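All of the numbers you see were taken from the coordinates with simple rules; none came from a lab. It should be emphasised that the depicted structure is a prediction, and the values quoted were computed from it without experimental measurement. Note that we place each Cβ from the backbone using ideal geometry, even for glycine, and neighbour counts take in every protein chain shown.
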Amino acid sequence: MSAPQLQAMPQLGYAPQMPAVPQMQQAAPATVPESRPTPPTNTVEIKAPMVGTFYRAPSPDAESYVRVGDVIEPGRVLCIIEAMKLMNEIEAEIKGRIVDIVAENALPVEFGQVMFQWTNVHKSSRCQSR
Amino acid sequence: MFTKVLVANRGEIALRVIRACRDIGLKSVAVFSTADRDSLHVRFADESVCIGPPPGSQSYLSPKAIIAAAEITGADAVHPGYGFLAENADFAQICLAHELVWIGPNPKDIDLMGNKSEAKRTMIKAGCPVIPGSDGPVANAAEARKLAEEFGLPVMIKAVAGGGGRGMRLVQDIANVETAFEMASAEAEAAFSNGDLYLEKAIIEPRHIEIQLMGDGKGGCVHFGERDCSMQRRHQKLIEESPSPAVNAKLREEMGRTATQAAASISYSGAGTMEFLLDKSGHFYFMEMNTRIQVEHPVTEMVTGSDLVKMQLEVALGHELPKQKDILFRGHAIECRVNAEDASRGFLPSPGTVTTWNLPGGPGVRVDTHVYHGYAIPPFYDSLIAKLIVYGANREEALARCRRALSEFIVEGVHTTIPFHLQMLDTEAFQTGNVHTKWVEQHMEQQAKAGAVA
């Protein structure tokens, strides 16, 4: 008897960026072992620390919090994830440069879904409720 | 009305709810932690959302994550399953506040029945027998004697602050009540710095009998007979069956009527179970009410031919309850809870990857499980991996099928309680239905240790 093929099969039609393989178990970008020197060109995925709706700006008319190419200092707000009518500001934990914004504005993100591609980052983003 | 149900749970019960949704044309949304990405409930739901990391507090116990998942998927109802947030009145209230239909009882009834003394008061008012006991601490030894005379011997004296058997005395003879009271009080004072004691009638070697109920929230309520859950170890149920070998049609009718009256008195809505202790002379006493679907609901489904989870959904949709006279009992069902535990090592949890998984089949066999060949049982949650339910025309046939099914149920890679179930089935006491709630602890511990998994 062969095993049923039970790869993760995301069914959220509105989350096209979802990877077809199981993601890392933690939000921390552990793809790069700390012992290995990180080449400067390496990108790291910044993942959603919670499930909710992703917003790039505090309101529809406002400027986006961050843009591709921005160099981000720790503590800077990257985006908002709305859950239970609460706007949760997601802050950067350490310095890095944004190379891609993967999540789509005003669309849902799951826990662990990639939001940003980042360079020179060693820690995950964290969430703060406002 | 609702059309899309978010199942706020994991494992076999999440899959059970998803199946019921599919059977009546409702859409389902599974939520999962990163540890459950490959679980069957994720696979078979119409949609699924990852809600957090493995710890329950950040996923299945997080109202915020679950409500957010409902919001992003457009689910308009929540089924909580059992465990996790199923009996959390605050969560039920949060769902209602977010305009989600809560597939369960009114939050105030969850609260009411979750509070032991309030539940007891409600039951007394509805005419349901409860274990007679002192109303709070007993003032002195003379008062204790008076109460013991009133309740009838034996009685149990227990420390209010108690635990671990200290400050506890079982009294068989009225002449010993006062001495026992003084000794227990001194013991409690020494152990807990609180000598307060309460006293209640002792039920010797009781059976655990529970009545399955379904209410419509408008004062209507029906029962589906009893389940006997006397085969338990440290309050963890191991085997459940219906009908109980100790309950005849007359007692079933009486317990069922008492339970439905009590539930109807609070206009209870949805599935619920009243748990009773049954003593040897056929007296029953209310213990507590579980305001949710229970793990062992399938045995009731087998003997009544009903689908209780589907009925939960239908009640929430406003459908009528079946008539009591149409709920008929036929045959005998037994459920074995198969846990990933090593009985030979004190029932130590045994997470890991299932390398062989052969499910039993044949007449009268049902298995509710979320596990499959190659599945990795995560260490974060409870150890239930499957429920084996067998049905027979009578208890004898059910027992034979149970033994046959357990012997076909082959699991490798992790330890399971299957060998222990076979040992329990082989005891004369279980075969003759002559057990009580402490029987497994008193008679099976040695066998559990000896019966290392082959």
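Legend: mean number of C-beta atoms from other chains within 10 angstrom of residue C-beta atoms, peptide B:373-380, equals 2.
With the convex hull constructed from alpha-carbon coordinates only, region B:363-439 shows a mean projected area of 6.2 nm² over all directions.
For A:Val99 and B:Lys218, what is the calculated FRET efficiency with R₀ set at 51 Å and r taken between the beta-carbons, to the nearest 0.05?
On the way: r = 60 Å, r/R0 = 1.17.
FRET efficiency, A:Val99 to B:Lys218: 0.30.
Toward the positive end of the charge dipole of the protein assembly as shown, with +1 on the Cβ of Lys and Arg and -1 on the Cβ of Asp and Glu, the farthest Cα among B:Val440, B:Val31, B:Gly374 is that of B:Gly374.
Where in region B:308-399 are there trypsin sites (Lys or Arg not before Pro) that are in a DSSP coil and have at most 12 other Cβ atoms within 10 angstrom of their Cβ?
Details: sites: B:Lys310, B:Lys323, B:Lys325, B:Arg330, B:Arg337, B:Arg345, B:Arg366, B:Lys387, B:Arg395; in loops: B:Lys323, B:Arg330.
Passing sites in region B:308-399 are B:Lys323, B:Arg330.
Residue exposure proxy: B:Lys108, B:Lys237, A:Lys47, ordered by other Cβ atoms within 10 angstrom of their Cβ from fewest to most, comes out as B:Lys108, B:Lys237, A:Lys47. Charging the Cβ of each Asp and Glu at -1 and of each Lys and Arg at +1, and nothing else, the dipole of region B:131-266 about its Cα centre rounds to 420 debye. Counting only Cβ charges, +1 for Lys and Arg and -1 for Asp and Glu, the dipole size of region A:49-129 around its Cα centre is about 200 debye. Note on B:Thr353 and B:Phe380: the model spin-label points, each 7 Å out from Cα along the C-beta direction, lie 1.9 nm apart. Across region B:207-450, Cα-Cα distances exceeding 25 Å account for 43% of all pairs. In terms of its Cα atoms, the protein assembly as shown spans 87, 57, 52 Å along the principal axes, sorted from long to short. The B:Ile174 and B:Arg257 beta-carbon pair, evaluated with R₀ = 41 Å, returns a calculated FRET efficiency of approximately 0.75.
What whole number of Å gives the distance from the Cα centroid of region A:68-105 to the Cα centroid of region B:179-237? If we compute the Cα centre of each part, the gap is 53 Å. Using the Cβ-Cβ distance between B:Gln431 and B:Met1 with R0 set to 51 Å, the FRET efficiency works out to roughly 0.55. Per-residue Cβ neighbour counts within 10 Å put B:Ser407, B:Ser39 in the sequence B:Ser407, B:Ser39, beginning with the fewest.
Using only side-chain charges placed at the Cβ, +1 for Lys and Arg and -1 for Asp and Glu, the dipole size of the protein assembly as shown relative to its Cα centre rounds to 540 debye.
Strictly over 21 Å apart at the Cα level, which of A:Lys85/B:Lys64; B:Lys280/B:Lys438; B:Lys116/B:Lys280; A:Lys47/B:Lys27; B:Lys4/B:Lys310; B:Lys64/B:Lys237 would you flag in this model? Too far apart for the 21 Å limit: B:Lys116/B:Lys280; A:Lys47/B:Lys27; B:Lys64/B:Lys237.
For region B:141-201, the fraction of C-alpha pairs farther apart than 12 angstrom is 57 percent.
Here, chain B is characterised by an Rg to Rh ratio of 0.98, where Rg is the alpha-carbon radius of gyration and Rh the Kirkwood radius. For region B:110-181, a Kirkwood hydrodynamic radius built from all Cα pairs, placed in the Stokes-Einstein relation at 25 °C and 0.890 mPa s, yields a translational diffusion coefficient of 181 µm²/s.
Neighbouring Cβ atoms within 10 Å as the yardstick, rank B:Ile327, B:Ile204, B:Ile66 fewest first.
Numbers: B:Ile327 19, B:Ile204 12, B:Ile66 32.
Taking fewest neighbouring Cβ atoms as first place, the list is B:Ile204, B:Ile327, B:Ile66.
Pair-distance distribution of region A:49-129: all C-alpha pairs, bin width 5 Å, starting at 0; shares per bin in whole percent are 3, 16, 29, 29, 18, 4, 1.
Can you list which of the GluC sites (Glu not before Pro) found in region B:87-172 are DSSP loop residues with at most 13 other C-beta atoms within 10 Å?
On the way: sites: B:Glu87, B:Glu99, B:Glu118, B:Glu143, B:Glu149, B:Glu150; in loops: B:Glu87, B:Glu99.
Taking region B:87-172 and a limit of 13 other Cβ atoms within 10 Å, the loop GluC sites (Glu not before Pro) found are B:Glu99.
Note on B:63-71: average number of Cβ atoms from other chains within 10 Å of each residue's Cβ is 6. Specify the angular offset, from 0 to 90 degrees and rounded to the nearest 10, of the alpha carbon long axis of helix B:11-23 from the longest principal axis of the alpha carbons in chain B. Between the helix axis and the principal axis of chain B, the angle is about 60 degrees.
For region B:403-454, treating each Cα as an identical point scatterer without solvent, what Debye log10 I(q)/I(0) comes out at q = 0.21, 0.27 1/Å? For region B:403-454 at q = 0.21, 0.27 Å⁻¹, log10 I(q)/I(0) is -0.82, -1.14. Answer with one residue from B:Gly272, B:Ile385, B:Phe430: the one whose Cα lies farthest towards the positive end of the charge dipole of the protein assembly as shown, charges on Cβ with Lys, Arg +1 and Asp, Glu -1. Final value for the positive-end residue is B:Ile385.
Need the full-extension length gain, B:Ala190 to B:Ala450, defined as separation in residues times 0.36 nm minus the C-alpha distance. One decimal, nm.
Numbers: separation 260, 0.36 × 260 = 93.60 nm, distance 3.83 nm.
Value of the extension gain: 89.8 nm.
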